[in-house]
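K.L.:
Take a look at the following structure, please.
The values are calculated or read from the model by the stated rules, or taken from the named source; none is laboratory data. Quantities reported herein were computed from a predicted structural model and do not represent experimental measurements. All Cβ positions, even for glycine, are placed from backbone atoms using ideal geometry, and neighbour counts span all protein chains on display. Please note that ligands, DNA and RNA were not included when accessible areas were found on the heavy atoms of the full protein model with its side chains. Shrake-Rupley method; radii C 1.70, N 1.55, O 1.52, S 1.80 Å.
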Amino acid sequence: MADNSENVLNHISFIMDGNGRWAKKRLMPREFGHKQGAKKFREIVQYCLHDKGIKYVSVYAFSTENWKRPDGEVKGILNLFVEYMNTCIKENDENKTRVRFLGNRSVFSEEIQAKMAETELVTSKYERTMGICINYGGRDEIVDAVNKLISEGKTHITADDITNNIYTGIMPPPDMIVRTGGEYRLSNYFMWQSAYSELFFTKTLWPDLTKKEVDELIEEYKSRQRNFGGVKNA
Ligand code: FPP
């Protein structure tokens, strides 16, 4: 195994898949799986940011396609967001985490948008940052960035222009993207940011993910050879 233990890990990202199947296995409604998924999200984010000392964590929580799900399920997920934002606003000194929402928030009610803004404001004093992708679509993100640049009068667009105008903004691109739930695809997640990300796929359903498995994935990350288009051991 290569020793690349100096591989920097600034940003770890999770595609939290498998909540529905986790609930189904227990003969419970899908909403129950998402509730458990939200608990797991808090545990894993806290672990990565504050125990492992990783500066940035992001999660794919709700895609632009997830609106196609039954009303009850969508409402259930939105309620979990609101609950989470309320906790952040009340307990932000405990969480010590800067929260940023990544995605097109214009579709949410004014009340939810205001809560997002308040959550971002009250947590902005912290350095460790968590990005929650909500109503997020990777292709839309790039198209929106390009349209914004055009509307500003740009006629020639560079890669840096796009990097600076996508939702992640100040966040560096993810070094690792972990997808739980046994599917081997990115599903329109971080299309721009994932160019050089190391990808990890585990069959573990999101609510079953353990800190131990996160440790193992990080160990595997450290053993990978990252070339960024260069040559191995140049
Ligand atoms: C994918 O699993 C999961 C989602 C679409 C929702 C993820 C949402 C949460 C974990 C709650 C997030 C809460 C906060 C506060 C960020 P799936 O339902 O597609 O699972 P399946 O593939 O087994 O059906």
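K.L.:
For the stretch 90-108, enumerate the residues that are outside any helix (DSSP H, G or I), touching a Phe, Trp or Tyr at 6+ places or on another chain (Cβ under 8 Å) and not hydroxyl-bearing (S, T, Y).
P.N.:
The answer is K96, R98, L102, G103, N104.
K.L.:
Pairs, please: C-beta under 6 Å, at least 6 apart or cross-chain, first residue open to solvent by less than 50 Å² (accessible area, probe 1.4 Å) and in the stretch 22-45, second among the basic types (K, R) and near the ligand (Cβ under 9 Å from one of its atoms)?
P.N.:
Qualifying pairs under 6 Å: A23/R30.
K.L.:
Another question, if that's okay. Can you tell me which residues in the stretch 5-29 are under 21 Å from the mean Cα position of the chain (by Cα) and either near the ligand (Cβ under 6 Å from one of its atoms) or of a type in the set (G, A, S) (or both)?
P.N.:
Answer for the stretch 5-29, where residues must be under 21 Å from the mean Cα position of the chain (by Cα) and either near the ligand (Cβ under 6 Å from one of its atoms) or of a type in the set (G, A, S) (or both): S13, M16, D17, G18, N19, G20, R21.
K.L.:
Still on this structure, I have one more. Would the stretch 179-195 turn up any residue that is open to solvent by less than 70 Å² (accessible area, probe 1.4 Å), within 16 Å of the ligand (Cβ to nearest atom), in contact with a Ser or Thr (Cβ under 9 Å, 6 or more places away or on another chain) and hydrophobic (A, V, I, L, M, F, W, C)?
P.N.:
Kept after step one, since they are open to solvent by less than 70 Å² (accessible area, probe 1.4 Å), are these residues of the stretch 179-195: 179-183, 186-190, 193-194.
From the residues that got through so far, the ones that are within 16 Å of the ligand (Cβ to nearest atom) too are 179-183, 186-190.
Filter again for in contact with a Ser or Thr (Cβ under 9 Å, 6 or more places away or on another chain), leaving 179-182, 186-190.
Imposing the further condition that a residue be hydrophobic (A, V, I, L, M, F, W, C) reduces the set to 186, 190.
Within the stretch 179-195 (the criterion being open to solvent by less than 70 Å² (accessible area, probe 1.4 Å), within 16 Å of the ligand (Cβ to nearest atom), in contact with a Ser or Thr (Cβ under 9 Å, 6 or more places away or on another chain) and hydrophobic (A, V, I, L, M, F, W, C)), the answer is yes, since at least one residue qualifies.
K.L.:
Another question, then. Restricting attention to the stretch 61-70, and to residues there that are of a type outside the set (S, T, Y) and either under 26 Å from H11 (Cβ atoms) or within 10 Å of the ligand (Cβ to nearest atom) (or both), which single residue is least open to solvent (accessible area, probe 1.4 Å)?
P.N.:
Per the stated criteria, the residue is F62.
K.L.:
While we're on this one: Can you tell me which residue is surrounded by the most Cβ atoms within 10 Å (Cβ to Cβ) among those in the stretch 109-153 that are on the phi < 0 side of the Ramachandran plot and touching a Gly at 6+ places or on another chain (Cβ under 6 Å)? Spell out how you get there, then give the answer.
P.N.:
Restricting attention to the stretch 109-153, the residues satisfying the condition of being on the phi < 0 side of the Ramachandran plot are 109-134, 136-152.
Now narrow it down to the ones that are touching a Gly at 6+ places or on another chain (Cβ under 6 Å): 133-134, 136.
On the way: C133: 25, I134: 24, Y136: 27.
The residue in question is Y136.
K.L.:
Can you confirm whether T168 is within 16 Å of the ligand (Cβ to nearest atom) and at pLDDT below 95?
P.N.:
Values: within 16 Å of the ligand (Cβ to nearest atom): no; at pLDDT below 95: yes.
So T168 fails the test.
K.L.:
Next up: So, C48, is that one modelled with pLDDT under 95 and buried (at least 20 other Cβ atoms within 10 Å of the Cβ) or not? Quick ask: steps written out before the conclusion?
P.N.:
Numbers: modelled with pLDDT under 95: no; buried (at least 20 other Cβ atoms within 10 Å of the Cβ): yes.
Spelling it out, it is not the case that C48 is modelled with pLDDT under 95 and buried (at least 20 other Cβ atoms within 10 Å of the Cβ).
K.L.:
Let me ask something else about it. Name the one entry in E83, E73 that is of a type outside the set (V, I, T), within 9 Å of the ligand (Cβ to nearest atom) and surrounded by fewer than 15 Cβ atoms within 10 Å (Cβ to Cβ).
P.N.:
The conditions single out E83.
K.L.:
Moving to a separate point now. Taking the condition of being over 21 Å from Y47 (Cβ atoms) and touching a residue at least 60 places away in the same chain (Cβ under 8 Å), how many residues in the stretch 103-133 meet it?
P.N.:
1
K.L.:
If you scan the stretch 51-60, which residues turn out to be surrounded by fewer than 19 Cβ atoms within 10 Å (Cβ to Cβ) and either within 12 Å of the ligand (Cβ to nearest atom) or not in a helix (DSSP H, G or I) (or both)?
P.N.:
We begin by selecting, within the stretch 51-60, every residue surrounded by fewer than 19 Cβ atoms within 10 Å (Cβ to Cβ); these are 51-53, 55.
Listed by number, the residues that qualify are K52, G53, K55.
K.L.:
Only one of (1) within 22 Å of S63 (Cβ to Cβ); (2) open to solvent by 60 Å² or more (accessible area, probe 1.4 Å); (3) of a type outside the set (K, R) fails for N164. Which number is that?
P.N.:
If we test N164 against (1) within 22 Å of S63 (Cβ to Cβ); (2) open to solvent by 60 Å² or more (accessible area, probe 1.4 Å); (3) of a type outside the set (K, R), just (1) comes out false.
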